[in-house]
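**Q** Structure below; questions to follow.
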């Protein structure tokens, strides 16, 4: 392959291995003497457990253990964690945080909650035994709607949590916002729902744990976004042990999107292995996945926008009710509170106030899902602007134009806290309009109408807080053959990390990319790492790799100076060669490696080792942005929505690999548009039973549901990291949700339609069309 460079569209290095079926996912791990675990789950949304009888199950063929909540409590095992992110003026002590153990004990609180864990010689034996467990339930009233849960007389999820309210958090300046609304010419309002969704990763969750009683050490194979965080949770929070007694290995992983974190089933599998002194494997099944995986979104927002007579934004006021489910997921505060700074968007709105209420219901827990609230707030804002356009009569494109934050305003301190360091939002917008051909849109609308279609154009802007002010780690070492091993503290689950890291290291070291091996997701390979999430690898991970590369070059420079009998300051490095400036004397990495591993000719003070440990700590987040435009056609007779055109302009700073970037944008659009048009988790409001527990009921988008996406870049280079890059994994989703809904509403605007809540299914649009036509005839 040779040397590859940053910015090249290098094909994914890892794909041939995966396409040949040679990847190693958690399900591929099979160990000698391995037993199998199976989870018995609650069939009720809310019930008292009067008794659990396990004697028949214990006596069943092949059964090794039947573990219940009483067993878990008896061994004094720990509870699942709650991560408290750095939120200004936030009192975590005010949060009601119920204890979440790995197995229910006295009460079950959602359909799918873990009640017992059966371990047997085979999976079929474990399943058969689970059916023999007798659980005496006393069914109790349930509530699944967060707004209903706050009403007087609603069923209580937790008896000592009044109104089912876990927390209430305010952000922004209430007084300034009230003053802005008092001075406004126009006040527009919108109630919107961001529907609950499921990540539905190609690979379901699973764990394989192998405990060695002789050493007290346990190796855990698990698909997780943070191997080091998982090790810490297992050791310190659950088993009261040391981290050295755990090794967490995350191999190939078939997607995550924020969902694969710490779960009860992983703790149960490790616990069973420690008790039985043999490997135990557990894998989730698809139906159980939709029940028990952390869900995404599920928010209701009442938003108001204050404008002057010319359409200048004066103030924004939003109250959001977030459905938390029964328990706070480990990252519940991140997807409800932390990312709300993006509510300001790309606009100069001077006064903003937000109230967030986190509410418990008898449903599965919600957690960050691709974008972690950034798509949610972008949806609220961009929908509200279109409503403002309809109510004030001011053109929706012009309304946005006159309120953009300009490049000259940078750095721009927003009313909710974040400070944007760079970005050209208006150019994103104008480029997207040009790509979509908006000037000729009305002609296309007329043509569609003649064919029995309503055609609409939607547009949406977004800027998001990516990566955060975080830290990442990277180690680099040469072996005796001149190969380079890169150990990254991140975990790969489909993004293309190995390709990206290889490009960075290959260019900086001047090394053939085929000689570079990337290692991720193994806690025994390096000291620490903060994993993958929040679009952090392209900015933090690669920056750590860059710093490590520069450090190892410095190490090589000292050795080269000694070999060339020159001062280190006289040595120049380029394309894998160390040269004495102004001469033809040079040494290559091959010579340096040979000297290091032979031990000969090493300068004093230099150990026979060519490795470095490095980290990068960002002082501030980076802020990727974008603008997407979408055209849809809605069939008059069936209500079916077809995406006809879709364009996106993105600013992710310096692009490391255009192919990988486009892949991330494509996937983000697919997930955002899929949620708009068809996805959604539904619970029966009376019984709390999930109504979308399989792909027969939970619709997932396919490639055939989309048109080709037309993408363009508009990079502004950030200075908050040495790569000049920004996060790229979530901007597609954040733009897609409002862009597609705006397009559908625009298509139906001739019928007087001003808003539709997601999912905008064919059934919903058909009913709206028929009602509007009927009313027009009355």
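Every read-out reported here was derived from the displayed coordinates using simple, explicitly stated rules and does not represent laboratory data. Note that this is a predicted model, so its numbers are computed, not measured. With ideal geometry, Cβ positions are generated from the backbone for all residues, glycine too; neighbour counts draw on all protein chains shown.
**Q** Would you mind calculating the gained length between residue 236 and residue 106 on full extension (0.36 nm times residue separation, minus the Cα-Cα distance), in nm to one decimal?
**A** 44.2 nm
**Q** Please report Rg over Rh for the range 417-557, where both radii come from the alpha carbon positions and Rh follows the Kirkwood definition.
**A** 1.21
**Q** In nm, give the distance between the simple-model label positions of residue 139 and residue 483, each being 7 Å from the Cα along the Cα-to-Cβ direction.
**A** My value for the distance between the label points is 6.0 nm.
**Q** Quick check on packing: order 658-671, 186-199, 363-376, 597-610 by the mean number of other C-beta atoms within 10 Å, highest mean leading.
**A** 363-376, 658-671, 186-199, 597-610
**Q** Tell me what the chain gives for mean residue ellipticity at 222 nm when only DSSP H runs of n ≥ 4 count, each as -39,500 (n - 2.57), the sum divided by the residue total, rounded to 500 deg cm²/dmol.
**A** Helix-only estimate at 222 nm: -8500 deg cm²/dmol.
**Q** Report the Cα-based extents of the range 453-510 along its three principal axes, largest first, to the nearest Å.
**A** 66, 30, 22
**Q** So, one more: Please report, in Å, the Rg and the Dmax of the range 254-304, where both are computed over Cα atoms only.
**A** Computed over the Cα atoms of the range 254-304, radius of gyration and Dmax are 16.1, 59 Å.
**Q** Then there's this: Kirkwood hydrodynamic radius, the range 111-178, all distinct C-alpha pairs: what's the number in Å?
**A** Evaluated on the range 111-178, it is 16.6 Å.
**Q** Please report, in whole Å, how far the alpha carbons of the chain spread along each principal axis, starting with the longest.
**A** Here the spans come out as 95, 75, 51 Å, largest first.
**Q** Under a crude label model (7 Å from the Cα following the beta-carbon direction), how far is residue 757 from residue 123 in nanometres?
**A** About 3.8 nm separates the two model spin labels.
**Q** Hey, could you grab the Kirkwood Rh for the range 508-567? Inverse mean 1/r over distinct alpha carbon pairs, Å, one decimal.
**A** That comes to 14.0 Å for the range 508-567.
**Q** Taking Cα atoms of the range 187-247, Rg/Rh with Kirkwood Rh, to two decimals?
**A** Radius of gyration relative to Kirkwood radius: 1.31.
**Q** Across the range 574-664, how large is the tail of the calculated P(r) beyond 19 Å, expressed as a percent of all Cα pairs?
**A** Every Cα pair in the range 574-664 considered, those over 19 Å come to 72 percent.
**Q** Give the Cα extents of the range 620-679 along the principal axes, in whole Å, largest first.
**A** Here the spans come out as 50, 20, 17 Å, largest first.
**Q** Could you tell me how far the Cα centroid of the range 199-275 sits from the Cα centroid of the range 541-559, in Å?
**A** The distance from the Cα centre of the range 541-559 to that of the range 199-275 comes to 32 Å.
**Q** Dividing the alpha-carbon radius of gyration of the range 141-181 by 2.2 N^0.38 Å (N being the number of residues), what value is obtained?
**A** Normalised Cα radius of gyration, the range 141-181: 1.65.
**Q** While we're on this one: Which stretch or stretches of the range 342-384 have amide N atoms under 12 Å from the point lying 7 Å from residue 183's Cα along the Cα→Cβ direction?
**A** The answer is 350-351.
**Q** How are the alpha carbon pair distances in the range 1-127 distributed across 10 Å bins from zero to the largest one, expressed in percent?
**A** Once binned at 10 Å, the Cα pair distances of the range 1-127 give 10, 24, 24, 18, 16, 7, 1.
**Q** Also, quick follow-up: Out of every Cα-Cα pair in the range 133-210, what percent are more than 20 Å apart?
**A** Of all Cα-Cα pairs in the range 133-210, 69 percent lie more than 20 Å apart.
**Q** Can you tell me what the convex hull of the Cα atoms of the range 236-378 projects to on average, as an area in nm²?
**A** Spelled out: convex hull of the Cα atoms, projected over all directions, averaged, 11.9 nm².
**Q** So, one more: Subtract the Cα-Cα distance of residue 659 and residue 449 from 0.36 nm times their separation in residues, and report this length gain in nm to one decimal.
**A** Extra length from residue 659 to residue 449 when fully extended: 71.9 nm.
**Q** Continuing with the same structure: Provide the FRET efficiency to the nearest 0.05 for the residue 767-residue 413 pair, computing r from the beta carbons and using R0 = 60 Å.
**A** It comes to 0.85.
**Q** For the range 43-115, just run the numbers: alpha carbon Rg, then divide by 2.2 N^0.38 Å, N being how many residues it has.
**A** 1.48
**Q** Here's another thing I want to ask about it. Given the range 320-432, what percent of its DSSP beta bridges are antiparallel, to the nearest 5?
**A** Within the range 320-432, antiparallel bridges account for around 40 percent of the total.
**Q** Taking 8 Å as the Cα distance limit and 6 or more residues as the minimum spacing, I'd like the relative contact order of the chain as a percentage.
**A** Worked out over the chain, it gives 16 percent.
**Q** If we restrict to alpha carbons, what Rg and Dmax does the range 546-613 come to, in Å?
**A** 11.1, 32
**Q** Which of the peptides 621-627, 419-425 is most tightly packed, and how do the rest follow, going by the mean number of other Cβ atoms within 10 Å of each residue?
**A** Descending packing order for the listed peptides: 621-627, 419-425.
**Q** Just subtract the alpha-carbon distance of residue 243 and residue 427 from 0.36 nm times their residue separation and send over the number in nm, one decimal.
**A** Here the answer is 61.3 nm.
**Q** State, to one decimal in nm, how far the label point of residue 70 lies from the label point of residue 285, with both points 7 Å from Cα in the Cβ direction.
**A** 2.7 nm
**Q** Here's something else I'd like to know. At a Förster distance of 51 Å, what's the computed FRET efficiency of residue 17 paired with residue 176, Cβ-Cβ distance as r, to 0.05?
**A** Once rounded, the FRET efficiency stands at 0.35.
**Q** Another question about this same structure. What is the calculated FRET efficiency for residue 517 to residue 434, with r their C-beta to C-beta distance and R₀ = 56 Å, to the nearest 0.05?
**A** With R0 = 56 Å, the Cβ-Cβ based efficiency is 0.80.
**Q** Cα centroid distance between the range 597-659 and the range 418-438, in Å?
**A** 19 Å
**Q** Same structure again: Calculate, in whole percent, how much of the Cα-Cα pair population of the range 635-778 lies beyond 18 Å.
**A** The calculated P(r) of the range 635-778 puts 64 percent of pairs beyond 18 Å.
**Q** Which log10 I(q)/I(0) values, to two decimals, does the range 660-743 give at q = 0.22, 0.26 Å⁻¹ under the Debye formula with one point per Cα?
**A** -1.07, -1.26
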